[in-house]
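First comes the structure, then the notes that go with it.
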Amino acid sequence: MPAAAAVPSLCHPDAEPVEAAAGVESKGRRESFELLKARLAAKPVTLPVEAVVPTAVPELDALLGGGLPVGTISTLEGETGCWSLAAGLVATITRRSLVAILDDGSLYPPALAETGISLERVLVVPARRALAMARAADILLRSRICRLVLMPAVALRDAVWERLAKLAHRSGVLLIVVAARAAAALSAVAAVRLHCALIRVIVHGRRGLWGTLAGFELGINVRKHKHMMAGGSVRVRVAHVALR
Amino acid sequence: MLLCVSAANPPAPELWEEMLDALDAVSPLIEDVRPGLAFLDMHGIAGDARAQIAQTQGISIRFGSAMQIGAGPNKIAAQAAAYVGDGTICEPGLERALLAPLPLTLLEIEPETIERLRLLGIEKLRDLARLPYGPFTRRFGAAAASWHELARGIDRRSFIPRAHAVAIEASIFGEGRVTDETQVFFALRMLLARICTDLERCGKRAGALRLAVELEDAGTCGFDLPLATPTAHERTLFEMLRVKLENATFTAAIVGLRLQALQLEEGGEAQTLFCADDLDPQRVAVTLARLEAVLGGGVARAKTREAYLLEERFFYEPFKLSRTTQQCHQPELIPQLRLLEVREIPVELRAGEPATVNRQTVRECTGPWRIAERWHSSNLALGGVIPSPSTPLGVNSVEGRDEYDVVLEDGTFARIYHQGSHWYLRGVYE
């Protein structure tokens, strides 16, 4: 079978016909595939407004087709910046709806309030153990009272993540899991995986007593996306506007 | 004639409620203004004012709180009589004379207005009563008309009797014993049906439920179920009771159930016209109860407050669904501090500031910021000099600490602090 003949089965429905790709038959199957990927990546995909939750970072929203898709599990991965990005999402949602945060005891509400979150609309659910987190997430997803459930990653069985993903899909609630490094099962069920990496630290003023570590610059990379090509990245400043 | 019961020091609300319940024996019509102030309508009740005051005093003494009781033809006169002295009676027609020497504070005017009136030379009610009605009301607004009348002993305020607490409860006791949960739920459904019917008849909603379970071994178990949103909806109440009992275990078979509706509120539920984004409060209440049953602790909402220490800048309170709309700001991405369990860490200093933290080189460091509560009462403030980290703290038992933000070589962005001779990790920015 010629190499180009296998390409149409991988094609996105909205993509242009791949007859043009047949012209590069001589370049081999891999090159055709890369070309097709590049074309798909070049074509902007915009998801319906009601199907996404904006992230408070316009550049990232553009990359994600409007925001994180509702009714899915999305992961925020990395050592630095994940909770800052998650707080932006929470702030966007608390303008109109409730958000539940599963707290393992490390939540610091004053920083959430500074982000612009309406704390009146945040349910802080204390859950220290993995089992308690899973049960709380289960109840919250089934109840559909919140538009977003935010939880730190915990060690759960593969079947539990699958069940939570199905519940999120059925209820139309976005479940965000923050993890330094997502486990295989979590990565598999996640519809969107974003990875945050520290690029540089922003220091305001001089080192020492007169200085302030105002924030940091992050590189956010889309590692996986259910509806579009992964691989895009943006740079984001996470710092008080006055100190940037 | 009205009686005024006034306390210089307002009693606790529960005690005050009990006292008002006891005062029902004096008069069935009592206006509860606030804890520490009530009026009793004595029209048509046998006995003269002096005897009625004595009876009221007898009841207030039983509760151990010092009350001043006065009688008068209207509320302001009765209040003035209580102010003048315990047992004072203001006869009809003498209201203005009784009020004349009394201060303006009797009228419950805002302190700022009283201060303005004082600057104008008006310190007593007689001064206020002498002012020309028209110019005074034009100068101080519509409320001033009422003040002027009250200062002259004319009180047009309505008497608003307090509603009597209605006890809504139902109980069931059987000859046999219950060991199956379905039987318990069946009994609960029966009790709830009776309770909800009573609530609907009274036009009330329950803000809480109390379930008392009597066991075969003569023991009892109590369950308090606060509701996020008061309701009279039978199915919602049943759902919440069921999740509350899901994790309960009993030492013996159940022989009786008693269910009580508490914190009754007026019926009807607030509805908004544009309700697309409104949450169903009953669904929220059921979810909260379910989470509480599963986790053992309640769902909370955070509040912030001013404080020196990071960990004291917020507190939690039980979550309540609020319908108030708030001004929401544009989201701004800022570093989020995550509070870790405080643990001691090894820190090496160079030139007075951390050079290595947890055996990792410090790339950036800012601080120290001295955090000391009650700093103003210690010698830490003397001379405005911040002591070096090596200076022992705790002089005059002040617990202070020096906080630093550090960036480590692996990119960790942490808040550490130095207290006494030890270093601790407080949290990381994520």
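The values are calculated or read from the model by the stated rules, or taken from the named source; none is laboratory data. Computed from a predicted structure; not experimentally measured. Cβ placement follows ideal geometry from the backbone for every residue including glycine, while neighbour counts extend to all protein chains displayed.
What pairs can you find where one residue is in region B:6-25 and at positive phi, the other is hydrophobic (A, V, I, L, M, F, W, C) and not in a loop (DSSP other than H, G, I, E, B), and their Cβ atoms are less than 9 Å apart, with a gap of 6+ or different chains? Hits for this filter: zero, empty list.
Within region B:226-262, being in contact with a strand residue (DSSP E or B) (Cβ under 7 Å, 6 or more places away or on another chain), part of a strand (DSSP E or B) and not polar (S, T, N, Q) holds for B:Pro226, B:Leu227, B:Pro230, B:Ile254, B:Val255, B:Gly256, B:Leu257, B:Arg258, B:Leu259, B:Ala261, B:Leu262. Can you name every residue in region B:106-140 that is in contact with a helix residue (DSSP H, G or I) (Cβ under 8 Å, 6 or more places away or on another chain) and within 18 Å of B:Gly72 (Cβ to Cβ)? Within region B:106-140, B:Leu106, B:Leu107, B:Leu125, B:Arg126, B:Ala129 meet the criteria.
Each residue in region A:176-208 was checked for being free of Cβ contacts under 8 Å to residues at least 24 places away in the same chain and touching a strand residue (DSSP E or B) at 6+ places or on another chain (Cβ under 7 Å), and 6 of them qualify.
Please go through region A:29-65 and give me each residue that is within 18 Å of A:Arg235 (Cβ to Cβ) and loosely packed, with under 13 Cβ neighbours inside 10 Å, ordered by number. A:Pro58, the sole residue that qualifies.
Scanning region B:50-98 for residues that are of a type in the set (Ser, Thr, Tyr) and under 28 Å from B:Ile154 (Cβ atoms) returns B:Thr56, B:Tyr83, B:Thr88.
Say whether the condition of being at positive phi and facing chain B (nearest Cβ under 10 Å) is met by at least one residue in region A:217-236.
Checking region A:217-236: not a single residue is at positive phi and facing chain B (nearest Cβ under 10 Å).
One residue stands out among those in region B:189-235 that are of a type outside the set (D, E, K, R) and without any contact (Cβ under 8 Å) to a residue 12 or more places away in the chain: the one that is nearest to B:Ala293 (Cα to Cα), which is B:Thr220. For region A:90-117, a residue qualifies if it is under 15 Å from B:Phe314 (Cβ atoms), among the small types (Gly, Ala, Ser) and surrounded by fewer than 24 Cβ atoms within 10 Å (Cβ to Cβ), and the qualifying residues are A:Gly105, A:Ser106, A:Ala113. The strands (runs of 3 or more DSSP E) located wholly in region A:69-151 include none with 2 or more residues which are at pLDDT below 90, over 21 Å from A:Ala180 (Cα atoms) and more than 7 Å from every other protein chain (Cβ to nearest Cβ). Annotation note: of A:Gly219, A:Gly211, A:Gly232, the sole residue that is among the small types (Gly, Ala, Ser) and more than 29 Å from A:Val70 (Cα to Cα) is A:Gly211.
Among the residues making up region B:281-311, those that are at the interface with chain A (Cβ under 7 Å from one of its Cβ atoms), assigned to a helix (DSSP H, G or I) and either of a type in the set (Lys, Arg) or over 22 Å from A:Arg147 (Cβ atoms) (or both) are B:Arg283, B:Arg290.
Residues in region B:62-110 that are under 19 Å from B:Leu128 (Cβ atoms), assigned to a loop (DSSP other than H, G, I, E, B) and not β-branched (Val, Ile, Thr): B:Asn74, B:Cys90, B:Leu94, B:Ala100, B:Pro101, B:Leu102, B:Glu108, B:Glu110. Here region B:359-380 is the region considered, the condition is being at pLDDT below 85 and not in a strand (DSSP E or B), and the residue that is nearest to B:Asp410 (Cα to Cα) is B:Glu373.
Please indicate, with yes or no, whether at least one residue in region A:83-95 is farther than 21 Å from B:Gln330 by Cβ and either among the acidic types (Asp, Glu) or in contact (Cβ under 8 Å) with a residue 12 or more places away in the chain (or both). No, every residue in region A:83-95 fails to be farther than 21 Å from B:Gln330 by Cβ and either among the acidic types (Asp, Glu) or in contact (Cβ under 8 Å) with a residue 12 or more places away in the chain (or both). The residues in region A:200-212 that are surrounded by fewer than 16 Cβ atoms within 10 Å (Cβ to Cβ) and in a strand (DSSP E or B) can be counted, and the count is 2.
This table checks each residue for (1) of a type in the set (S, T, N, Q); (2) under 30 Å from B:Ile61 (Cβ atoms).
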position	(1), (2)
B:Tyr83	no, yes
B:Glu95	no, yes
B:Pro101	no, yes
B:Thr105	yes, yes
B:Ala129	no, no
B:Arg138	no, no
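Here are the criteria: (1) among the basic types (Lys, Arg); (2) modelled with pLDDT of 90 or more; (3) buried (at least 16 other Cβ atoms within 10 Å of the Cβ). Tell me which single one B:Arg290 does not satisfy. Checking B:Arg290 against (1) among the basic types (Lys, Arg); (2) modelled with pLDDT of 90 or more; (3) buried (at least 16 other Cβ atoms within 10 Å of the Cβ), the one that fails is (2). Restricted to region B:318-331, and to residues there that are under 15 Å from A:Ala100 (Cα atoms) and modelled with pLDDT of 80 or more, the residue that is farthest from the other protein chains (Cβ to nearest Cβ) is B:Pro318.
Residue check: is A:Leu209 within 14 Å of chain B (Cβ to nearest Cβ), among the hydrophobic types (A, V, I, L, M, F, W, C) and within 25 Å of B:Thr412 (Cα to Cα)? It is true that A:Leu209 is within 14 Å of chain B (Cβ to nearest Cβ), among the hydrophobic types (A, V, I, L, M, F, W, C) and within 25 Å of B:Thr412 (Cα to Cα). Just wondering, is there one or more residues in region A:170-187 that are part of a helix (DSSP H, G or I) and within 14 Å of another protein chain (Cβ to nearest Cβ)? Scanning region A:170-187, I find at least one residue that is part of a helix (DSSP H, G or I) and within 14 Å of another protein chain (Cβ to nearest Cβ), so the answer is yes.
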